[in-house]
1. Just to be sure I understand, how many residues within segment 229-249 are at pLDDT below 95, surrounded by 14 or more Cβ atoms within 10 Å (Cβ to Cβ) and either outside any loop (DSSP other than H, G, I, E, B) or not charged (D, E, K, R) (or both)?
2. Out of (1) within 30 Å of Ser83 (Cβ to Cβ); (2) loosely packed, with under 12 Cβ neighbours inside 10 Å; (3) among the aliphatic types (A, V, I, L, M), the odd one out for Leu172 is which?
3. Based on what the data block shows, is Gln72 outside any helix (DSSP H, G or I), at pLDDT below 95 and under 20 Å from the mean Cα position of the chain (by Cα)?
4. Got at least one residue in segment 149-167 being buried (at least 19 other Cβ atoms within 10 Å of the Cβ), hydrophobic (A, V, I, L, M, F, W, C) and within 29 Å of Lys21 (Cα to Cα)?
5. Only one of (1) at pLDDT 90 or above; (2) closer than 25 Å to Tyr69 by Cα fails for Leu226. Which number is that?
6. Output the number of the condition that Cys142 fails; it satisfies all remaining conditions of (1) surrounded by 23 or more Cβ atoms within 10 Å (Cβ to Cβ); (2) out of contact with any Phe, Trp or Tyr (no Cβ under 8 Å at 6 or more places or on another chain).
7. Determine the pairs where a residue that is more than 11 Å from Leu179 (Cα to Cα), located within segment 84-98, has a partner that is surrounded by 10 or more Cβ atoms within 10 Å (Cβ to Cβ) and modelled with pLDDT of 85 or more with Cβ atoms under 7 Å apart, the partner being 6 or more residues away or on another chain.
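The values are calculated or read from the model by the stated rules, or taken from the named source; none is laboratory data. Predicted, not measured: the structure shown is a model, and the values here were computed from it. Positions of Cβ are generated from backbone atoms using ideal geometry, with glycine treated the same way; all protein chains shown enter the neighbour counts.
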Amino acid sequence: MNDKELIDRVVENIKKSKKYKGIYFRTIERVVGDLVLKNAQTNRLRQGFGLVMEKKAKNLLHQIWGAFYASQPDFDKVFLKLSQMYADFDSNLIGIEKLKELILPILHLQSSVKERTSILDEFYQKIFKVTGIPGSIIDYACGLNPLTYLWMGSQDIKYQAYDIDQKEVGFLNSVLKLLSIKNAQVGVGDVLCDDFKYADVVFLLKLLPCLEHQKKDSGLELIKKLPCKYLVVSFPIKSLGGKNVGMAEFYRNNFKKMVENEGCQTTEILFDSELVFVIEK
């Protein structure tokens, strides 16, 4: 069996699995392909190599996707509950603040976005103070962040988000439609293997550490490659368990070292739960 046949077999096995069948197929292909090619020269002839690669690929997919949920939400049930609550209000009269109240519990379902809820009132305000109110935003590996569109302060911003979780993408689009948020859309996509269009501002929120874990130097490659006026890069400053273990200083030093030779103008914004850098390209 050659490498391509092995990759195809492992990919098909993962796509059939209960946990990972909803993950974007190009992400599965990328992860499996990278692992097989990395290990092929020394281990391909080893008995059970395919099973080893499948296990490694599933572990990596968990780290880049599954670890951000304490348990995988039943998005159908979440949407049904939201729909029922929304139906209790006159959709012509309900204001932004009431919509935020409805959305906030959903944001708490995902750890990386939950950490942002305590700073949302100032998060976009401070970022847009640097960038100006953008005409367009692209948000990569968005998670549940598209639901924070209500906090951006302008319903005229054209917001496009991408994620590898197909169920999550469908759920987000259903919520945006329910709430009549017309300038925000979510699609399936992977920033490491897809090509994307220009936006005034690109969000890479808490994404670079995850990408670097998958592909060394991918963060700098994206900073150079993505077409935009501004890149907004952020890092967590607490562990998933909520502990402060010097992460802000660690990520600050690593980021500055990464871009020191690129001639980028960067602005640092430190929030209580997130370290943000705004890069002007």
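1. 4
2. Leu172 satisfies all of (1) within 30 Å of Ser83 (Cβ to Cβ); (2) loosely packed, with under 12 Cβ neighbours inside 10 Å; (3) among the aliphatic types (A, V, I, L, M) except (2).
3. On the way: outside any helix (DSSP H, G or I): yes; at pLDDT below 95: yes; under 20 Å from the mean Cα position of the chain (by Cα): yes.
So Gln72 passes the test.
4. Yes.
5. All conditions are met except number (2).
6. Going through (1) surrounded by 23 or more Cβ atoms within 10 Å (Cβ to Cβ); (2) out of contact with any Phe, Trp or Tyr (no Cβ under 8 Å at 6 or more places or on another chain) one by one, Cys142 breaks only (2).
7. If the second residue must be surrounded by 10 or more Cβ atoms within 10 Å (Cβ to Cβ) and modelled with pLDDT of 85 or more, the pairs left are Met85/Leu102; Phe89/Lys98.
Conditions tested, residue by residue: (1) farther than 20 Å from Leu107 by Cα; (2) in contact with a Ser or Thr (Cβ under 6 Å, 6 or more places away or on another chain).
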{"residue": "Gln160", "(1), (2)": "no, no"}
{"residue": "Leu211", "(1), (2)": "yes, yes"}
{"residue": "Lys216", "(1), (2)": "yes, no"}
{"residue": "Glu221", "(1), (2)": "yes, no"}
{"residue": "Met247", "(1), (2)": "yes, no"}
